[in-house]
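S.K.: Next up is a structure, given as structure tokens.
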Amino acid sequence: MASVRKAGHSSTSSTTDSRDERVLDEFCDGLWMEDGLSRNTLQSYRRDLRQLAAWLNPRHKTLIEADHGHLLAYIASRFDQRAKPSSTRRLLSSLKRFFRFSLRAGKIEVDPSLRIVAPRLPRSLPKSLTEADVEQLLAVPECDVALGLRDKAMLETLYATGLRVSELIGLTHSEVSLDMSVVRVTGKGGKERLVPLGEEAHSWIRRYLAEARPGLARGRLSNALFVTNRGRPMTRQAFWYVVKRYARLSGLRSVSPHTLRHAFATHLINHGADLRVVQLLLGHADISTTQIYTHVARERLKQLHAVHHPRG
């Protein structure tokens, strides 16, 4: 269980009570056992709760001693610091989950987060790229060198499958079937799904495996599909910099790995894909999450109408 606690644990802050740290260890262990949540998700929960614990500490209260008034005062202090509504909403989600867990575990008798309503968010459309933008980005990597060929294969795979960046860098050889041209992806909550690769991504992965990966691996034994020039598995940060670099070279702005996931979904719907199919490909548990892309497509239609219709 120590490895689970390490996954959700950063260095102990001097402003956090040791009793809070023990409670947070139990909470993170419980989340991992119940839902199999990822390291990043556990770290996010712990970070939110440790900030509350640090706020409570000068008031001589621990997390499980916090009452309804404490939580309201803490949230109000965040508004005073101009915290974004989205950040406060995520924080409140963490608090509610923690106090529900503590109530079930018998650590508290009343859930202090009850009746605290999350701030409403304006509906924002995800930033996407046009098909021409994507082609422009994918044309940048120099495929006559090993790193360029790896980057090309990764970008093509990301656009062809709409994977989350963590899913992309976590791909292993056994999860990629070039014979069937599909990838088996383990997404949030440990749920698996099959996603087609398409001809382009299939071709570039095959070429990467034949021409680039052996040299990059440097004799290291690793089941990771995509590796660094030292033969180690790619990291989220390393790939983020790869995407940013190519975006800059292509003249595009505000491009991240997640932007290509948005482009994947938007372009599918623009070309008539069924919303349920897109939901399955993206690995969304709730179709309401996927429905945002219908709004993106609708906005695109409005723009085209405004430009091309005589009364637009």
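Here, each number is a calculation from the coordinates, and none is a lab measurement. All figures in this text were calculated on a predicted structure; none of them were measured in a lab. Here Cβ is always computed from backbone atoms with ideal geometry, including for glycine, and neighbour counts include all displayed protein chains.
S.K.: Distance check, please: which entries in 84/191; 61/96; 84/152; 84/188; 84/244; 188/244 exceed 27 angstrom between their Cα atoms?
M.R.: With Cα atoms farther than 27 Å apart: 84/191; 84/152.
S.K.: Order these peptides, 157-163, 128-134, by their mean beta-carbon neighbour count within 10 angstrom, highest first.
M.R.: Output ranking for 157-163, 128-134: 157-163, 128-134.
S.K.: Report the residue, chosen from 201, 66, 83, that carries the largest GNM mean-square fluctuation when the chain is represented by alpha-carbon nodes joined by springs under 10 Å.
M.R.: Result: 83 has the largest fluctuation of those listed.
S.K.: Students often get this wrong: which residues of the stretch 49-74 have the backbone nitrogen under 18 Å from the point 7 angstrom along Cα-to-C-beta of residue 97?
M.R.: Backbone N within reach: 49-53, 64.
S.K.: Multiply the residue gap between residue 84 and residue 252 by 0.36 nm, knock off their C-alpha separation, and tell me the result in nm, one decimal place.
M.R.: The span from residue 84 to residue 252 would gain 57.8 nm if fully extended.
S.K.: Relative to the present Cα-Cα distance, how much length would full extension add between residue 114 and residue 33 at 0.36 nm per residue of separation?
M.R.: Computed gain between residue 114 and residue 33 is 26.7 nm.
S.K.: What are the semi-axes of the equivalent ellipsoid for the stretch 183-231, taken as the square roots of 5 times the Cα gyration tensor eigenvalues, largest first, in whole Å?
M.R.: Working through the eigenvalues yields semi-axes of 23, 16, 6 Å.
S.K.: State, in angstrom, two size descriptors of the chain derived from its alpha carbons: Rg to one decimal place and Dmax to the nearest whole number.
M.R.: Just the Cα atoms of the chain yield Rg and Dmax of 22.7, 69 Å.
S.K.: Jot down the per residue volume, in cubic angstrom and as a whole number, of the convex hull over the alpha-carbon atoms of the stretch 131-308.
M.R.: Given the Cα convex hull of the stretch 131-308, per-residue volume reads 123 Å³.
S.K.: Mind giving me the FRET efficiency for residue 271 and residue 73? R0 is 35 Å, r the Cβ-Cβ distance, nearest 0.05 is fine.
M.R.: The calculated FRET efficiency here is 0.10.
S.K.: Just need log10 I(q)/I(0) for the stretch 2-104 at q = 0.10, 0.16 Å⁻¹, Debye formula, equal scatterers on the alpha-carbon atoms, no solvent, rounded to two decimals.
M.R.: Reported log10 I(q)/I(0), two decimals: -0.25, -0.67.
S.K.: Pop the C-beta distance of residue 220 and residue 245 into the FRET formula with R0 = 25 Å and round what comes out to the nearest 0.05.
M.R.: It comes out at approximately 0.55.
S.K.: Okay, moving on. Distance in nm between label sites at residue 289 and residue 47, each 7 Å beyond Cα in the beta-carbon direction?
M.R.: Placing both labels 7 Å beyond Cα along the Cβ direction yields 1.9 nm.
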